[in-house]
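Data first, discussion second: the structure below is written as structure tokens.
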Amino acid sequence: MRKIVIAGNWKMYKTRAESLEFLQGFMSCLTETPEEREVVLCVPFTSLELVSKNLHGGLVRLGAQNVHWQESGAYTGEISGPMLTEVGVRYVIIGHSERRQFFGETDETVNLRLKAAQKYGLIPILCVGETKAQRDAGETEAHIFSQLAQDLVDVDQTKLVIAYEPIWAIGTGDTCETKEANRVIGLIRSKLSNPNVPIQYGGSVKPENIDEVMAQPEIDGVLVGGASLESASFDRIVNYK
């Protein structure tokens, strides 16, 4: 049976004080959350230890937003697997479109990061998806299949989550039609050796559309950006109907 994974990606938002304020409002909202839903908060590096201490023994898992492929070294601005696991990180986002667009992430480096994450006991959330230009040109499937073929070389698919994030729907307010998201996620699943890999949808997920998104049979969760920054809105997403 496929796991449901609801992950919030805070990106470059929230100081430590703001992180603590969020937790104080959010943790009390989880009393009715079904146990089979895995809830993950992927917070900035500066808040990892603080959030970890306040999640101790709770239902929410801690996630990071990136990991380097080396255990240590002269890689200014990067962070390693052992550094993350030491503070209780369980999940890590890899290959997010913003990393690919703004920071030179390639399918080769995504693959290296995926393997490093698994080596150190982290569950990677691999992000794949197409741009507006690629979709308009009818290249959605070919582009995503190419990403998967390169990203997943020698990756253990029993310890993996995939997020389909149509890049044109991230932070734009545009949401991919749920049936279309379901179709693409089904195609992604058809390319995997393990059909039980949880596959999320990511792209302007919000309280107003979460019930419809999660009603789709191929969608196993969501990767939430802006709507995960407010405890009330993320509560509604986590506790979808």
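May I ask you to verify whether LEU50 is within 12 Å of ASN9 (Cα to Cα), touching a Lys or Arg at 6+ places or on another chain (Cβ under 9 Å) and either surrounded by 13 or more Cβ atoms within 10 Å (Cβ to Cβ) or not β-branched (Val, Ile, Thr) (or both)? No; evaluated as a whole, the condition is false for this residue.
Residues in segment 85-98 that are more than 16 Å from the chain's Cα centre (by Cα) and either on the phi > 0 side of the Ramachandran plot or not in a loop (DSSP other than H, G, I, E, B) (or both): THR85, GLU86, GLY88. Can you name every residue in segment 104-115 that is over 17 Å from ILE162 (Cβ atoms) and part of a loop (DSSP other than H, G, I, E, B)? Listed by number, the residues that qualify are GLY104, THR106. Residues that are within 17 Å of GLY221 (Cβ to Cβ) and of a type in the set (Lys, Arg) within segment 1-60 comprise ARG2, LYS3, ARG37, listed in sequence order.
From the residues in segment 121-157 that are small (Gly, Ala, Ser) and either assigned to a loop (DSSP other than H, G, I, E, B) or under 16 Å from the mean Cα position of the chain (by Cα) (or both), which one is nearest to VAL92 (Cα to Cα)? Per the stated criteria, the residue is GLY121.
Yes or no: GLN157 surrounded by fewer than 16 Cβ atoms within 10 Å (Cβ to Cβ), polar (S, T, N, Q) and either modelled with pLDDT of 95 or more or within 28 Å of GLU38 (Cα to Cα) (or both)? Yes; evaluated as a whole, the condition is true for this residue. Scanning segment 228-241 for residues that are in contact (Cβ under 8 Å) with a residue 40 or more places away in the chain and either assigned to a helix (DSSP H, G or I) or surrounded by 22 or more Cβ atoms within 10 Å (Cβ to Cβ) (or both) yields SER228, SER231, ALA232, PHE234, ASP235, ILE237, VAL238.
Got at least one residue in segment 40-56 being over 22 Å from THR106 (Cα atoms) and of a type in the set (D, E, K, R)? Yes, that holds for at least one residue. No other residue among GLN101, GLN118 is outside any strand (DSSP E or B), surrounded by 13 or more Cβ atoms within 10 Å (Cβ to Cβ) and of a type outside the set (Val, Ile, Thr) apart from GLN118. Of the residues making up segment 198-212, one or more are closer than 23 Å to GLU130 by Cα, out of contact with any Lys or Arg (no Cβ under 8 Å at 6 or more places or on another chain), among the basic types (Lys, Arg) and not in a helix (DSSP H, G or I). I'm trying to understand the selection: among the residues of segment 81-116, which are touching a residue at least 40 places away in the same chain (Cβ under 8 Å) and of a type in the set (S, T, N, Q)? Matches in segment 81-116: SER97, GLN101, THR109, ASN111. Count of segment 27-48 residues, restricted to those that are within 17 Å of ALA232 (Cα to Cα), at pLDDT below 95 and not acidic (Asp, Glu), is 6. Under the condition of being under 29 Å from LEU20 (Cβ atoms) and not in a helix (DSSP H, G or I), the residues counted in segment 213-227 number 5. Scanning segment 181-197 for residues that are surrounded by 14 or more Cβ atoms within 10 Å (Cβ to Cβ) and assigned to a helix (DSSP H, G or I) turns up ALA181, ASN182, ARG183, VAL184, ILE185, GLY186, LEU187, ILE188, ARG189.
Reported count of residues in segment 198-218, each being out of contact with any helix residue (DSSP H, G or I) (no Cβ under 6 Å at 6 or more places or on another chain) and surrounded by fewer than 22 Cβ atoms within 10 Å (Cβ to Cβ), is 7. Within segment 136-154, if we keep just the residues that are charged (D, E, K, R) and surrounded by fewer than 19 Cβ atoms within 10 Å (Cβ to Cβ), the residue that is modelled with the lowest pLDDT turns out to be ASP136.
The values are calculated or read from the model by the stated rules, or taken from the named source; none is laboratory data. Model, not experiment: these values are computed from the prediction. Neighbour counts run over all protein chains shown; Cβ positions are idealised from the backbone, glycine included.
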